[in-house]
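Taking it in order: structure first as structure tokens, then the write-up.
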Amino acid sequence: MRFGLDRLLADPQLRAPLAGRRVAYLAHPASVTTGLEHGLDALATAGVNLTAAFGPQHGLRGDKQDNMVESPDFTDPVHGIPVFSLYGEVRRPTEAMMGPWDVVLVDLQDLGCRIYTFITTLRYVLEAAAVHGKSVWVLDRPNPVGRPVEGLTLREGWESFVGAGPMPMRHGLTLGELGRWFIDRLKLDVDYRVIEMEGWRPDEGPGWGWPLGERTWVNPSPNAPNLWMARAYAGTVMLEGATLSEGRGTTRPLELFGAPDIDAKAVIAEMRALAPGWLAGCKLRDCWFEPTFHKHVGKLCNGVQIHTEDPDYDHRAFRPWRIQALAFKAIRRLYPDYDLWRDFPYEYEIGKLPIDVINASPLLREWVDDAAAAPADLDALTRPDETAWEEERRRYLIY
């Protein structure tokens, strides 16, 4: 298969509308060609008139390890163009940032999850382009976790940098398709184009969204090291709002969770007792790990790893958001007074618990903390959201 960047580079007719125009490039470390050349260099070699670049969260080079670690603006030492940070002093492009270019090529590898901030950056760029009369082209890339939909929809008043709009946690769209949804929903008057992929087959294994065996995985952010992390991420990202470690500081971040003071075998047993059907599609394994940085640094943690690389992995049955919700519920039942929820200004949101910002409402946390609430109660809240989104997104599908 071919990604949008590769098609643009290979086809002079696709590039023809860029002739005589000043071009910006919004990218990160995974913005590479099939030959692993970074798109900034490949576009310059192809004769595209690059006059600016943008870096999202973690930076154009992906050098910033954690959330809320900002990147500065700089001048690219090879191409001599300004590189503007959209995760530094500002999150939205400023008027000065909009000046040096006519069309921006957005070439970001997403993880298919509402909280992954690259989709919010796309929204902000589209809004700025509409104001300033600029063009936006998305060089489309796969949603590596394919088409499944899962999770509660963002509630009114809960938009944030990790909540760009009313969609569930797993949205099942590509970045190019999300751009169409943003434009329609926000009623933006913007010149928009998607350079589509060829041969993307999200309903086929073993990749189920990612062309496994055809394309090399390059980390789109420092703690996104492989496809298995991407599959678990729509659930394990909630750990950023919990005191449990999500495995940052290990070699398998966001595939596992744990803490020094939990019994992982007991947690898994409680999960199976509460909602065995929610654990379908993957394998859970109790394990031990010691983070070299971040939460519980230097402490031996007992934890659970979510395995999706097994040949028995069932993509259609796997529900990572429910698995992580169930893990929280099991811990709350086993340890009723456990200090589970972190409290700090997550992604600069003041006065809201991070777990609520992540889930774009307090509904998930309230379900976990309510001793009388059962798995069926969370399903009753969530299934209508999932069904409604599956219907809403239909008209924006390209593939």
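The values are calculated or read from the model by the stated rules, or taken from the named source; none is laboratory data. Please read all numbers here as calculations on a predicted model, not as lab measurements. Neighbour counts are summed over all protein chains in view; Cβ atoms, including those assigned to glycine, are modelled from backbone coordinates with ideal geometry. Only protein heavy atoms, including side chains, enter the accessible area calculation; ligands, DNA and RNA are left aside. Shrake-Rupley method; radii C 1.70, N 1.55, O 1.52, S 1.80 Å.
Quick notes on this structure:
- Restricting Gly207, Gly241 to those that are over 21 Å from Ile358 (Cβ atoms) and not β-branched (Val, Ile, Thr) reduces the list to Gly207.
- The stretch 334-355, residues that are among the charged types (D, E, K, R), within 19 Å of Thr153 (Cα to Cα) and in contact with a helix residue (DSSP H, G or I) (Cβ under 6 Å, 6 or more places away or on another chain): Glu349
- Conditions (1) over 24 Å from Leu363 (Cα atoms); (2) modelled with pLDDT of 95 or more: number failed by His294: (2)
- If the condition is being open to solvent by 10 Å² or more (accessible area, probe 1.4 Å) and touching a strand residue (DSSP E or B) at 6+ places or on another chain (Cβ under 7 Å), then the stretch 127-136 contributes only Lys134.
- Number of residues in the stretch 367-399 that are of a type outside the set (A, V, I, L, M, F, W, C) and surrounded by 14 or more Cβ atoms within 10 Å (Cβ to Cβ) equals 11.
- Count of residues meeting criterion [in contact (Cβ under 8 Å) with a residue 40 or more places away in the chain and either small (Gly, Ala, Ser) or open to solvent by 10 Å² or more (accessible area, probe 1.4 Å) (or both)] in the stretch 316-329: 4
- Filtered residues of the stretch 154-163 (kept if part of a loop (DSSP other than H, G, I, E, B) and surrounded by fewer than 24 Cβ atoms within 10 Å (Cβ to Cβ)): Leu154, Arg155, Glu156, Gly157, Trp158, Glu159, Phe161
- Taking the stretch 288-300 as the range and being surrounded by 16 or more Cβ atoms within 10 Å (Cβ to Cβ) and of a type in the set (A, V, I, L, M, F, W, C) as the test, only Phe289 passes.
- Out of Leu244, Leu239, Leu227, sole residue that is under 26 Å from Pro311 (Cβ atoms), within 25 Å of the chain's Cα centre (by Cα) and among the hydrophobic types (A, V, I, L, M, F, W, C): Leu227
- Looking only at the stretch 70-112, residues that are under 27 Å from the mean Cα position of the chain (by Cα), β-branched (Val, Ile, Thr) and surrounded by 13 or more Cβ atoms within 10 Å (Cβ to Cβ) come to 5 in all.
- In summary, Gly303 fulfils each of the numbered conditions (1) within 27 Å of Asp339 (Cα to Cα); (2) modelled with pLDDT of 95 or more; (3) surrounded by fewer than 18 Cβ atoms within 10 Å (Cβ to Cβ); (4) within 25 Å of the chain's Cα centre (by Cα) with the single exception of condition (3).
- Counted residues, the stretch 7-36 - those being under 25 Å from the mean Cα position of the chain (by Cα) and surrounded by 15 or more Cβ atoms within 10 Å (Cβ to Cβ): 13
- Restricting Ile115, Ile119 to residues that are part of a loop (DSSP other than H, G, I, E, B) and buried (at least 21 other Cβ atoms within 10 Å of the Cβ) narrows the list to Ile115.
- Sole residue being within 26 Å of Leu126 (Cβ to Cβ), among the β-branched types (Val, Ile, Thr) and modelled with pLDDT of 95 or more, chosen from Thr216, Thr174: Thr174
- If you go through the stretch 224-267 and keep only what is polar (S, T, N, Q) and open to solvent by less than 10 Å² (accessible area, probe 1.4 Å), you end up with Thr236, Ser245.
- Of all residues in the stretch 209-243, those satisfying the criterion of being in a loop (DSSP other than H, G, I, E, B) and touching a helix residue (DSSP H, G or I) at 6+ places or on another chain (Cβ under 8 Å) are Trp210, Leu212, Trp217, Pro220, Asn223, Ala224.
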